[in-house]
Amino acid sequence: MEEIKKVLVKARHARKINWLKAQKLLSESLKIYPESAELAIELADIYFQQRLYRQAINTCQTALLYTDNEELLIIIANCFLSMREYHIANSYFQRVKQESPELLYNQAVSLARTKQFEEAIRIAQKVVDYRIKSPVPYILLAELYYNQKEYHKAISCCNQAQVIAGLSSDVCFLRGMSWLAQQNLLKAYWDFHQGEIFKIGNSEYYRSYGIVCEGIGKTDKAIELLRKAIDIAPQKPGAYLELIRIYLVHNMLDSAGELLAAARNSLPEDFPLAIMYNRIIDGLTQSQS
(Lines give C-alpha, C1' and ligand atoms only; values in the text may rest on other atoms or scores of the structure.)
Protein backbone atom coordinates (compact mmCIF):
# COMPACT_ATOMS: atom_id res chain seq x y z
CA MET A 1 0.00 0.00 0.00
CA GLU A 2 1.13 3.51 -0.80
CA GLU A 3 0.48 4.74 2.74
CA ILE A 4 2.69 2.03 4.23
CA LYS A 5 5.51 2.96 1.86
CA LYS A 6 5.25 6.58 3.02
CA VAL A 7 5.41 5.51 6.66
CA LEU A 8 8.50 3.38 5.98
CA VAL A 9 10.27 6.28 4.23
CA LYS A 10 9.49 8.62 7.15
CA ALA A 11 10.53 6.04 9.73
CA ARG A 12 13.85 5.28 8.03
CA HIS A 13 14.63 8.97 7.80
CA ALA A 14 13.67 9.56 11.44
CA ARG A 15 15.68 6.52 12.52
CA LYS A 16 18.91 8.15 11.38
CA ILE A 17 18.28 11.03 13.78
CA ASN A 18 16.16 9.67 16.63
CA TRP A 19 15.22 5.99 16.77
CA LEU A 20 12.54 6.67 19.39
CA LYS A 21 10.69 8.90 16.93
CA ALA A 22 10.81 6.16 14.32
CA GLN A 23 9.68 3.60 16.89
CA LYS A 24 6.66 5.72 17.82
CA LEU A 25 5.68 6.28 14.19
CA LEU A 26 5.89 2.58 13.35
CA SER A 27 4.05 1.48 16.49
CA GLU A 28 1.16 3.82 15.74
CA SER A 29 1.06 2.74 12.11
CA LEU A 30 0.93 -0.94 13.10
CA LYS A 31 -2.26 -0.25 15.04
CA ILE A 32 -3.79 0.86 11.76
CA TYR A 33 -2.10 -1.75 9.55
CA PRO A 34 -1.47 -4.76 11.83
CA GLU A 35 -1.21 -7.05 8.80
CA SER A 36 1.82 -5.18 7.43
CA ALA A 37 4.91 -7.37 7.69
CA GLU A 38 7.03 -4.50 6.36
CA LEU A 39 6.14 -2.21 9.25
CA ALA A 40 6.65 -4.97 11.80
CA ILE A 41 10.04 -5.93 10.35
CA GLU A 42 11.21 -2.31 10.39
CA LEU A 43 10.09 -1.83 14.00
CA ALA A 44 11.55 -5.16 15.12
CA ASP A 45 14.85 -4.30 13.48
CA ILE A 46 14.98 -1.04 15.43
CA TYR A 47 14.41 -2.94 18.67
CA PHE A 48 17.01 -5.54 17.67
CA GLN A 49 19.65 -2.89 16.96
CA GLN A 50 18.91 -1.35 20.36
CA ARG A 51 19.22 -4.81 21.97
CA LEU A 52 15.58 -4.66 23.05
CA TYR A 53 15.11 -8.27 22.07
CA ARG A 54 11.87 -8.98 23.95
CA GLN A 55 10.18 -6.02 22.27
CA ALA A 56 11.42 -7.22 18.88
CA ILE A 57 10.10 -10.73 19.56
CA ASN A 58 6.70 -9.44 20.69
CA THR A 59 6.41 -7.26 17.58
CA CYS A 60 7.17 -10.18 15.27
CA GLN A 61 4.94 -12.66 17.08
CA THR A 62 2.01 -10.25 16.90
CA ALA A 63 2.61 -9.71 13.18
CA LEU A 64 2.68 -13.49 12.62
CA LEU A 65 -1.00 -13.56 13.58
CA TYR A 66 -1.68 -11.75 10.30
CA THR A 67 1.11 -12.89 7.97
CA ASP A 68 3.51 -15.81 7.48
CA ASN A 69 6.44 -13.67 6.34
CA GLU A 70 9.62 -15.65 7.07
CA GLU A 71 11.62 -12.51 7.86
CA LEU A 72 9.65 -12.30 11.09
CA LEU A 73 10.74 -15.83 12.04
CA ILE A 74 14.36 -14.97 11.24
CA ILE A 75 14.29 -11.90 13.49
CA ILE A 76 12.77 -13.93 16.34
CA ALA A 77 15.41 -16.65 15.91
CA ASN A 78 18.23 -14.10 15.91
CA CYS A 79 16.80 -12.43 19.02
CA PHE A 80 16.76 -15.69 20.93
CA LEU A 81 20.28 -16.41 19.65
CA SER A 82 21.45 -13.02 20.95
CA MET A 83 19.78 -13.76 24.29
CA ARG A 84 21.59 -17.12 24.42
CA GLU A 85 18.32 -19.02 24.48
CA TYR A 86 19.65 -21.42 21.90
CA HIS A 87 17.04 -24.19 22.03
CA ILE A 88 14.26 -21.72 21.28
CA ALA A 89 16.37 -20.10 18.56
CA ASN A 90 16.83 -23.53 16.96
CA SER A 91 13.08 -24.13 16.88
CA TYR A 92 12.55 -20.90 14.93
CA PHE A 93 15.47 -21.45 12.55
CA GLN A 94 13.95 -24.83 11.67
CA ARG A 95 10.74 -23.13 10.54
CA VAL A 96 12.54 -20.98 7.99
CA LYS A 97 12.62 -22.42 4.46
CA GLN A 98 14.76 -19.80 2.73
CA GLU A 99 18.55 -19.97 2.90
CA SER A 100 21.29 -17.36 2.99
CA PRO A 101 24.89 -17.44 4.26
CA GLU A 102 24.11 -15.24 7.26
CA LEU A 103 21.01 -17.20 8.22
CA LEU A 104 22.78 -20.55 7.92
CA TYR A 105 25.77 -19.30 9.89
CA ASN A 106 23.59 -18.12 12.77
CA GLN A 107 21.72 -21.41 12.72
CA ALA A 108 24.99 -23.35 12.87
CA VAL A 109 26.16 -21.26 15.83
CA SER A 110 22.90 -21.90 17.66
CA LEU A 111 23.14 -25.63 17.00
CA ALA A 112 26.74 -25.67 18.22
CA ARG A 113 25.77 -23.97 21.47
CA THR A 114 23.33 -26.81 22.15
CA LYS A 115 26.07 -29.36 21.36
CA GLN A 116 24.41 -30.58 18.17
CA PHE A 117 27.81 -30.63 16.53
CA GLU A 118 27.12 -32.95 13.60
CA GLU A 119 24.09 -30.94 12.47
CA ALA A 120 26.01 -27.70 13.06
CA ILE A 121 28.80 -28.98 10.81
CA ARG A 122 26.28 -29.87 8.10
CA ILE A 123 24.74 -26.40 8.20
CA ALA A 124 28.11 -24.61 8.42
CA GLN A 125 29.33 -26.54 5.39
CA LYS A 126 26.43 -25.03 3.44
CA VAL A 127 27.78 -21.58 4.29
CA VAL A 128 31.22 -22.56 2.98
CA ASP A 129 29.60 -23.88 -0.19
CA TYR A 130 28.50 -20.32 -1.02
CA ARG A 131 32.24 -19.60 -1.44
CA ILE A 132 31.98 -16.23 0.28
CA LYS A 133 35.25 -14.39 0.80
CA SER A 134 35.18 -14.45 4.57
CA PRO A 135 37.19 -16.48 7.09
CA VAL A 136 34.30 -16.54 9.58
CA PRO A 137 32.52 -19.75 8.46
CA TYR A 138 35.85 -21.57 8.22
CA ILE A 139 36.71 -20.57 11.78
CA LEU A 140 33.33 -21.84 12.94
CA LEU A 141 33.89 -25.12 11.11
CA ALA A 142 37.35 -25.40 12.65
CA GLU A 143 35.84 -25.03 16.14
CA LEU A 144 33.22 -27.65 15.36
CA TYR A 145 35.72 -30.13 13.95
CA TYR A 146 37.98 -29.55 16.96
CA ASN A 147 35.10 -30.35 19.31
CA GLN A 148 34.51 -33.54 17.33
CA LYS A 149 38.22 -34.41 17.57
CA GLU A 150 38.58 -34.22 13.80
CA TYR A 151 41.80 -32.30 14.13
CA HIS A 152 43.05 -32.63 10.54
CA LYS A 153 39.81 -31.09 9.27
CA ALA A 154 40.06 -28.33 11.85
CA ILE A 155 43.58 -27.51 10.65
CA SER A 156 42.42 -27.54 7.03
CA CYS A 157 39.68 -25.01 7.85
CA CYS A 158 42.18 -22.79 9.65
CA ASN A 159 44.46 -22.94 6.62
CA GLN A 160 41.60 -21.86 4.36
CA ALA A 161 40.70 -19.00 6.70
CA GLN A 162 44.32 -17.85 6.54
CA VAL A 163 44.30 -17.98 2.73
CA ILE A 164 41.23 -15.74 2.66
CA ALA A 165 42.12 -13.17 5.31
CA GLY A 166 45.68 -13.79 6.48
CA LEU A 167 46.90 -14.89 9.87
CA SER A 168 44.59 -14.15 12.81
CA SER A 169 44.31 -14.89 16.51
CA ASP A 170 41.58 -17.44 15.80
CA VAL A 171 43.75 -19.28 13.28
CA CYS A 172 46.76 -19.34 15.60
CA PHE A 173 44.74 -20.52 18.58
CA LEU A 174 42.60 -23.18 16.90
CA ARG A 175 45.37 -24.57 14.73
CA GLY A 176 47.74 -24.62 17.69
CA MET A 177 45.16 -26.43 19.80
CA SER A 178 44.63 -28.97 17.03
CA TRP A 179 48.37 -29.65 16.73
CA LEU A 180 48.61 -29.97 20.51
CA ALA A 181 45.74 -32.47 20.56
CA GLN A 182 47.77 -34.58 18.15
CA GLN A 183 50.92 -34.17 20.28
CA ASN A 184 52.71 -32.34 17.47
CA LEU A 185 54.38 -29.94 19.88
CA LEU A 186 56.69 -28.18 17.45
CA LYS A 187 53.89 -27.19 15.07
CA ALA A 188 51.70 -26.24 18.03
CA TYR A 189 54.52 -24.09 19.38
CA TRP A 190 54.91 -22.29 16.06
CA ASP A 191 51.22 -21.40 15.82
CA PHE A 192 51.00 -20.32 19.46
CA HIS A 193 54.20 -18.31 19.04
CA GLN A 194 52.78 -16.52 16.00
CA GLY A 195 49.68 -15.74 18.05
CA GLU A 196 51.69 -13.56 20.45
CA ILE A 197 51.42 -10.56 18.10
CA PHE A 198 47.64 -10.54 18.58
CA LYS A 199 47.82 -10.21 22.38
CA ILE A 200 45.15 -12.88 22.82
CA GLY A 201 43.10 -12.44 25.99
CA ASN A 202 42.13 -16.09 26.30
CA SER A 203 43.51 -17.90 29.35
CA GLU A 204 43.28 -21.26 27.54
CA TYR A 205 45.67 -19.97 24.89
CA TYR A 206 48.33 -19.21 27.50
CA ARG A 207 47.68 -22.45 29.40
CA SER A 208 48.04 -24.55 26.25
CA TYR A 209 51.02 -22.52 25.02
CA GLY A 210 52.65 -23.11 28.41
CA ILE A 211 52.08 -26.86 28.18
CA VAL A 212 53.72 -26.89 24.75
CA CYS A 213 56.71 -24.86 25.95
CA GLU A 214 57.31 -27.24 28.84
CA GLY A 215 57.01 -30.15 26.43
CA ILE A 216 59.80 -28.82 24.21
CA GLY A 217 62.08 -27.81 27.07
CA LYS A 218 61.27 -24.10 27.40
CA THR A 219 60.45 -24.25 31.09
CA ASP A 220 61.02 -20.57 31.92
CA LYS A 221 58.70 -19.57 29.08
CA ALA A 222 56.15 -22.15 30.22
CA ILE A 223 56.13 -20.70 33.75
CA GLU A 224 55.69 -17.17 32.39
CA LEU A 225 52.76 -18.23 30.18
CA LEU A 226 50.99 -20.23 32.87
CA ARG A 227 51.30 -17.32 35.29
CA LYS A 228 49.67 -15.12 32.66
CA ALA A 229 46.85 -17.65 32.24
CA ILE A 230 46.27 -17.48 36.00
CA ASP A 231 46.26 -13.67 35.95
CA ILE A 232 43.60 -13.67 33.22
CA ALA A 233 41.37 -16.31 34.83
CA PRO A 234 42.31 -16.86 38.50
CA GLN A 235 39.09 -18.81 39.07
CA LYS A 236 40.04 -21.60 36.63
CA PRO A 237 42.07 -24.50 38.04
CA GLY A 238 43.79 -25.69 34.86
CA ALA A 239 46.74 -23.32 34.80
CA TYR A 240 47.37 -23.73 38.55
CA LEU A 241 47.55 -27.50 38.15
CA GLU A 242 49.91 -27.33 35.17
CA LEU A 243 52.20 -24.82 36.85
CA ILE A 244 52.31 -26.72 40.15
CA ARG A 245 53.12 -29.87 38.19
CA ILE A 246 56.05 -28.07 36.50
CA TYR A 247 57.33 -26.82 39.83
CA LEU A 248 57.17 -30.34 41.25
CA VAL A 249 58.91 -31.90 38.24
CA HIS A 250 61.74 -29.39 38.55
CA ASN A 251 61.89 -29.69 42.35
CA MET A 252 60.85 -26.04 42.84
CA LEU A 253 58.97 -26.93 46.01
CA ASP A 254 58.85 -23.47 47.58
CA SER A 255 57.31 -22.00 44.43
CA ALA A 256 54.86 -24.89 44.29
CA GLY A 257 53.82 -24.28 47.89
CA GLU A 258 53.31 -20.55 47.31
CA LEU A 259 51.23 -21.20 44.21
CA LEU A 260 49.15 -23.81 46.01
CA ALA A 261 48.36 -21.29 48.74
CA ALA A 262 47.31 -18.76 46.08
CA ALA A 263 45.18 -21.40 44.37
CA ARG A 264 43.40 -22.20 47.61
CA ASN A 265 42.46 -18.54 47.96
CA SER A 266 40.99 -18.44 44.44
CA LEU A 267 39.58 -21.94 44.02
CA PRO A 268 37.36 -24.25 46.05
CA GLU A 269 39.40 -26.99 47.68
CA ASP A 270 39.31 -30.02 45.42
CA PHE A 271 40.93 -33.40 44.96
CA PRO A 272 43.73 -32.51 42.49
CA LEU A 273 45.00 -29.73 44.73
CA ALA A 274 44.92 -32.03 47.75
CA ILE A 275 47.08 -34.57 45.93
CA MET A 276 49.60 -31.91 44.97
CA TYR A 277 49.65 -30.56 48.50
CA ASN A 278 50.64 -34.01 49.75
CA ARG A 279 53.35 -34.27 47.12
CA ILE A 280 54.79 -30.90 48.15
CA ILE A 281 54.79 -31.88 51.83
CA ASP A 282 56.49 -35.20 50.98
CA GLY A 283 59.10 -33.39 48.92
CA LEU A 284 59.85 -30.86 51.65
CA THR A 285 60.09 -33.65 54.24
CA GLN A 286 62.55 -35.58 52.11
CA SER A 287 64.69 -32.50 51.44
CA GLN A 288 64.95 -31.78 55.16
CA SER A 289 65.83 -35.36 56.15
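The values are calculated or read from the model by the stated rules, or taken from the named source; none is laboratory data. All of these numbers come straight from a predicted model, not from anything done at the bench. A quick note on method: Cβ atoms are made from the backbone with ideal geometry, for glycine too, and the neighbour counts reach across all protein chains shown.
Taken over the stretch 209-266, the criterion of being of a type in the set (D, E, K, R) and part of a helix (DSSP H, G or I) is satisfied by Glu214, Asp220, Lys221, Glu224, Arg227, Lys228, Asp231, Glu242, Arg245, Asp254, Glu258, Arg264. When restricted to residues that are at pLDDT 90 or above, farther than 16 Å from Tyr209 by Cβ and among the aliphatic types (A, V, I, L, M), the stretch 245-261 contains 1.
Being under 30 Å from Ile246 (Cα atoms), at pLDDT 95 or above, more than 18 Å from the chain's Cα centre (by Cα) and assigned by TED's automatic domain parsing to the domain that holds Leu241 is true of Gly217. On inspection, Ile132 does not qualify as at pLDDT 95 or above and surrounded by fewer than 17 Cβ atoms within 10 Å (Cβ to Cβ). Scanning the stretch 1-21 for residues that are under 33 Å from the mean Cα position of the chain (by Cα) and either among the aromatic types (Phe, Trp, Tyr) or within 17 Å of Thr59 (Cβ to Cβ) (or both) gives Arg12, Arg15, Trp19, Leu20. Residue by residue through the stretch 142-181, note down the ones that are of a type in the set (Lys, Arg) and in a helix (DSSP H, G or I). Passing the criteria: Lys153, Arg175.
Please indicate, with yes or no, whether at least one residue in the stretch 16-23 is over 30 Å from Arg122 (Cα atoms) and assigned to a loop (DSSP other than H, G, I, E, B). Looking for residues that are over 30 Å from Arg122 (Cα atoms) and assigned to a loop (DSSP other than H, G, I, E, B), one finds at least one in the stretch 16-23, hence yes. Checked against the criterion of being outside the structural domain of Ile200 (by TED's automatic domain parsing), more than 27 Å from Phe93 (Cα to Cα) and not hydrophobic (A, V, I, L, M, F, W, C), the stretch 128-151 has at least one qualifying residue. Of everything in the stretch 1-29 that is surrounded by 19 or more Cβ atoms within 10 Å (Cβ to Cβ) and free of Cβ contacts under 8 Å to residues at least 24 places away in the same chain, the residue that is nearest to Leu65 (Cα to Cα) is Leu26. On the stretch given as the stretch 48-97, residues that are buried (at least 22 other Cβ atoms within 10 Å of the Cβ) and not hydrophobic (A, V, I, L, M, F, W, C) total 3. Scanning the stretch 98-141 for residues that are under 19 Å from Glu70 (Cα atoms) and part of a helix (DSSP H, G or I) returns Pro101, Glu102, Leu103, Leu104, Tyr105, Asn106, Gln107, Ala108, Ser110, Ile123.
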